[in-house]
Amino acid sequence: MAPQVDHAALFAATPSPYLVLGPDLVIVDVNDAYLEVTGRTSEELIGQHLFTAYPDNPADPEADGVRNLDASLHRVLSTRRADTMALQKYDIPVPGRPGVFEERWWSPVNTPVLGPDGQVAWIIHRVEDVTAYIKAHRAAHPGLRLGVRLEETQALEAELYARARELQRLNEELRRAHAREREVAVTLQEAMLHVPDLAHHRHDVAVRYLPATGSLNICGDWYDVVDIAPDRLALAVGDVIGHGLQAAAVMGMLRSALSAAIRAQERPAQALEVLGLYARSVEGALGTTAVKAMVDTRSCLITYSTAGHPPAILAHSDGGYELLDQATDPPLGTRPQHVPRPQASVHYTRGDTLVLYTDGLIERRDEDIDVGLRRLAEAVTECARLGTEQLADTLLARLGVASGGRDDIALIVVRL
């Protein structure tokens, strides 16, 4: 049996200086190495806002430590990824001497710690004090040891600092440019996923689309909702292999083709057969997965067919659930010859909830996909009393992808 590890003791004894912040940037913990390097006590720091404890040096008109560190911490909060800062001059108050600051140089790294909901619960702020390296040549006579004059050494130091500042500026410009590209991409993706018939289902249908973290919001997952008069509702989600503009273009063609096919064929299996034939002529479409379901609100019957896609979930109002996995077939275009696709039906009770999704919602690299499927099914049944909009958001949070995951996610939640 493995021995118990005292993580609090390990944190306290770690030789690198560490500060733990809440999402509000209030200091919640600090290790001994950090206290030693800053000359502060835990009582002075814990409970303080970071920039109250460590403001900019008012005697330095070019001080930008607060601005740069604040920007880094907010990048961590928004991206949920670690952020390594450039070499940073950030003077700190001298203990016992109000208003007096000491010159300090740091190499900071800010790392998120995620909570059960996938959001940032804490930020670990690790710093290495590199002041000694910067000031060594000023305190001694490096020309005697290194063969260079003091003036040249100071010039090299200034160049190092200037290049670090320039690198930081360029990184900020790249982030702003990336943000603008994402904004354009979001607008394009929303236009491609526009569903006019959703206006008739404001309270009983909710849809969500989240691109993979780090992508430009242009990806290959889709959802669709189509009213078929007089009392049927066609639902679909699909997943094109890959990311980027090419996958999005393929997605747009396949989504439109399936939306047209279901209006003409009305049987989900036949609609997927038509889509499979079409996929063979579209470069990049082979291997696409999809599920198509037709809800007959008069007879309370769901008819569905699946092409290599994770099963939809039908959560009953009495607390149980079932997987719609009785009509499964390979992804689009993977069979060498055309074969009719299977189709199955299941009755539902009014008040039940139907959930269709893409695999980005449940698939994780370090676990079997059935684990994620079971986690989703349990979340749907436990929260089935929520309205569809709130339920959709809750499912994303419960599965830890409220801000996006490693893969794209499309989701439809229907209150039957």
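The values are calculated or read from the model by the stated rules, or taken from the named source; none is laboratory data. Model, not experiment: these values are computed from the prediction. Cβ coordinates were reconstructed from backbone atoms using ideal geometry, including for glycine residues, and neighbour counts include every protein chain displayed. The protein model used for the area step is the full one, side chains on, heavy atoms only, and it has no ligands, DNA or RNA in it. Shrake-Rupley method; radii C 1.70, N 1.55, O 1.52, S 1.80 Å.
The set of residues from segment 86-116 being under 31 Å from the mean Cα position of the chain (by Cα), more than 17 Å from Leu50 (Cβ to Cβ) and modelled with pLDDT under 85 comprises Ala86, Leu87, Ser107. Taken over segment 253-266, the criterion of being at pLDDT 85 or above and either of a type in the set (D, E, K, R) or touching a helix residue (DSSP H, G or I) at 6+ places or on another chain (Cβ under 6 Å) (or both) is satisfied by Arg255, Ala257, Leu258, Ala261, Ile262, Arg263.
Rundown of residues vs (1) of a type outside the set (Val, Ile, Thr); (2) within 30 Å of the chain's Cα centre (by Cα); (3) surrounded by 18 or more Cβ atoms within 10 Å (Cβ to Cβ), yes/no style:
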position: Arg335; (1), (2), (3): yes, no, no
position: Ala344; (1), (2), (3): yes, no, no
position: Leu356; (1), (2), (3): yes, yes, yes
position: Leu361; (1), (2), (3): yes, yes, yes
position: Arg364; (1), (2), (3): yes, yes, no
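Is there a residue in segment 277-297 that is assigned to a helix (DSSP H, G or I) and either of a type in the set (Ser, Thr, Tyr) or buried (at least 19 other Cβ atoms within 10 Å of the Cβ) (or both)? Among the residues of segment 277-297, at least one is assigned to a helix (DSSP H, G or I) and either of a type in the set (Ser, Thr, Tyr) or buried (at least 19 other Cβ atoms within 10 Å of the Cβ) (or both), which makes the answer yes. (1) over 28 Å from the mean Cα position of the chain (by Cα); (2) open to solvent by less than 30 Å² (accessible area, probe 1.4 Å): which one isn't true of Ala392, the others all being true? Exception for Ala392: condition (1). Reported count of residues in segment 298-324, each being surrounded by 14 or more Cβ atoms within 10 Å (Cβ to Cβ), out of contact with any strand residue (DSSP E or B) (no Cβ under 6 Å at 6 or more places or on another chain) and farther than 15 Å from Leu376 by Cα, is 1. So is Arg406 part of a helix (DSSP H, G or I), open to solvent by 50 Å² or more (accessible area, probe 1.4 Å), in contact (Cβ under 8 Å) with a residue 24 or more places away in the chain and touching a helix residue (DSSP H, G or I) at 6+ places or on another chain (Cβ under 9 Å) or not? When the stated conditions are applied, Arg406 does not pass them.
Per the listing Val355, Val346, Val414, Val380, the residue uniquely β-branched (Val, Ile, Thr), in a helix (DSSP H, G or I) and touching a residue at least 24 places away in the same chain (Cβ under 8 Å) is Val380.
Of all residues in segment 239-253, those being closer than 22 Å to Pro311 by Cβ and surrounded by fewer than 24 Cβ atoms within 10 Å (Cβ to Cβ) number 1. Considering segment 2-117, the qualifying helices (runs of 4 or more DSSP H), each wholly inside and each with 3 or more residues that are open to solvent by 70 Å² or more (accessible area, probe 1.4 Å), run over 7-13, 65-79.
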